[in-house]
Amino acid sequence: MSTASAALETLALFGGPRAVTSKHEDLFAWPLVGREDEDAVLDVLRRGAMSGTDVTLAYEREFAEWHGAKYALAHPNGTAALHAALFACGVGRDDEVICPSLTFWASITSALNLGAHIRFCEADPETLCIDPNDIERHITPRTKAIVVVHYCGHPCDMDPIMALAARRGLKVVEDVSHAHGALYKGRVVGTLGHVAGMSLMSGKSLVCGEGGMLLTNDRAIFERAVAWGHYERTMSGYSYYTGEPAIQDQALKRFAGIPLGGLKNRMNQLCAALGRTQLKRYRERMDEIQRAMHRFWDLVEAAGLPGVRAHRPPKGGGSTMGGWYYPHGLYDAEKLGGLPIGRFIEALNAEGFPCKAGANAPLHLHPLYSEARVYGEAEPTNGTSPQGPGSLPVTESIPVRCFSVPWFKHDRAEQIERYAAALIKVLRAAHDGQLKQVNA
């Protein structure tokens, strides 16, 4: 070991003291549920109003106002909201939808239920979101929509995507499940495309227990989403929170009383009640999460050690990470002498810094999208043009390009500094060559 190495702290991996000595469970506890949340839920329970709509309508109104959108439509989960959004955009049999491969399956798999085919697109190696420069090569005469995912809280680069969509006559669906309250150039995500869907399950940064929400400024899209799975709202005399009938389109009115999708997309009002109280406090809680996460990354980057950098938009551009759900760091093995990310993660975990390499597995490599005959078809449900290994090289490299980091819910400097110190300690050891040793 060199003199420089001896001056460094011994890694916990090699028997040294851990940088993080406590789990700090209160630092990560989520969601935050208080008396107001409990009272709101109990009121619905005691009234027997779980399957009503009065609380849900109020929640939708407040949710739309919070985002500066015209219409919000509650769903039982984010998957249902995205399914409705695709239908509302006119996606149907033999159409094609473009989506990033780097996302959770719920972003796009419901397109198969509409008879559409999915064409996966590359991720940008810095944002981890859909690469705007890779979309156009996947467009065909059958393409109907583009699904963009504000992945790990990072807003997509929406301006070129919307320009391309306008030029090619395509709809853009935003998946905001990771990015509640995030901004893109000062504009809140979920209001930038033609429609948005998002999960509000208890693990997300903005929660309602278990549910989803659809947002749009387009009346036609809203009405199609209502007709798809909210049959009670299509009935005559039913008023939306705007005071207008939910369905005005005469073509949709013909089918009133039965959902076009054969689905019951009503949100349980226990969830709507919790969603309302959580929404009231979300901005202040989101702001604290941002302060905490920026504190962590500012400390790490101030050390000036190449090889790891924050996954966040540049400061000063008006773009933010919102609730910063599923936070990650970017890893550059070349700047660490080719150190495999697995070894780096092993050292971090030993320091009491919980993390994993990679993010979601690339969807285009899953056999569901190339082999499965879900409905007993003669050909694969997703068509006969599979995107196999090597077709999206950047996306396929993501497992060694990024790693998860702790998601701090409170801006507690002393505790956060311990986690930053752990990452800096391992980075220094990596630069010094310690992690290449087999034994301490």
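The values are calculated or read from the model by the stated rules, or taken from the named source; none is laboratory data. The structure displayed is predicted, hence computed values, not measured ones. Heads up, the Cβs are rebuilt from the backbone with ideal geometry, glycines too, and the neighbour counts pull from every protein chain shown.
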Suppose we keep only residues that are in a loop (DSSP other than H, G, I, E, B) and in contact with a strand residue (DSSP E or B) (Cβ under 6 Å, 6 or more places away or on another chain) within region 237-278. Which one would you say is nearest to W66 (Cα to Cα)? M267
From the set of residues in region 10-64 that are within 25 Å of the chain's Cα centre (by Cα), acidic (D, E) and modelled with pLDDT of 95 or more, which is surrounded by the fewest Cβ atoms within 10 Å (Cβ to Cβ)? E62
Go through the residues of region 135-145 one by one and say whether even a single one is free of Cβ contacts under 8 Å to residues at least 40 places away in the same chain, assigned to a strand (DSSP E or B) and among the hydrophobic types (A, V, I, L, M, F, W, C). no
Within region 182-228, the count of residues that are surrounded by 24 or more Cβ atoms within 10 Å (Cβ to Cβ), of a type in the set (G, A, S) and under 21 Å from S110 (Cα atoms) comes to 9
A413 vs. criteria small (G, A, S), out of contact with any helix residue (DSSP H, G or I) (no Cβ under 9 Å at 6 or more places or on another chain), surrounded by fewer than 15 Cβ atoms within 10 Å (Cβ to Cβ) and not assigned by TED's automatic domain parsing to the domain that holds H138: no
Of all residues making up region 286-301, the number that are in contact (Cβ under 8 Å) with a residue 40 or more places away in the chain and either under 18 Å from the mean Cα position of the chain (by Cα) or outside the structural domain of Q415 (by TED's automatic domain parsing) (or both): 3
Could you say whether any residue in region 212-234 is under 24 Å from L114 (Cβ atoms), free of Cβ contacts under 8 Å to residues at least 24 places away in the same chain and not hydroxyl-bearing (S, T, Y)? no
Selection within region 367-385 - surrounded by 11 or more Cβ atoms within 10 Å (Cβ to Cβ) and over 16 Å from D94 (Cα atoms): L368, E371, A372
Of all residues in region 386-405, count the ones that are surrounded by 11 or more Cβ atoms within 10 Å (Cβ to Cβ), farther than 30 Å from A421 by Cβ and over 18 Å from the mean Cα position of the chain (by Cα). 6
Would you please name the residue that is nearest to G153 (Cα to Cα), looking only at residues in region 94-132 that are in a helix (DSSP H, G or I) and in contact with an Asp or Glu (Cβ under 7 Å, 6 or more places away or on another chain)? S107
For the structure I just gave you, tell me whether M162 is surrounded by fewer than 22 Cβ atoms within 10 Å (Cβ to Cβ), under 15 Å from the mean Cα position of the chain (by Cα) and not small (G, A, S). no
Could you give every pair whose Cβ atoms fall below 9 Å, whose first residue belongs to region 313-337 and is farther than 30 Å from E284 by Cα, and whose second residue is part of a loop (DSSP other than H, G, I, E, B) and of a type in the set (D, E, K, R), counting only separations of at least 6 or pairs across chains? Y331/R401; D332/R401; A333/R401
Residue satisfying condition, being modelled with pLDDT of 95 or more and more than 27 Å from Y240 (Cβ to Cβ), within set D157, D218: D157
Quick count over region 324-355, residues being within 20 Å of the chain's Cα centre (by Cα) and either among the basic types (K, R) or assigned to a helix (DSSP H, G or I) (or both), is 0
With part of a helix (DSSP H, G or I) and more than 30 Å from P141 (Cα to Cα) as the only criterion, which of L32, L73, L82, L45 stands out? L45
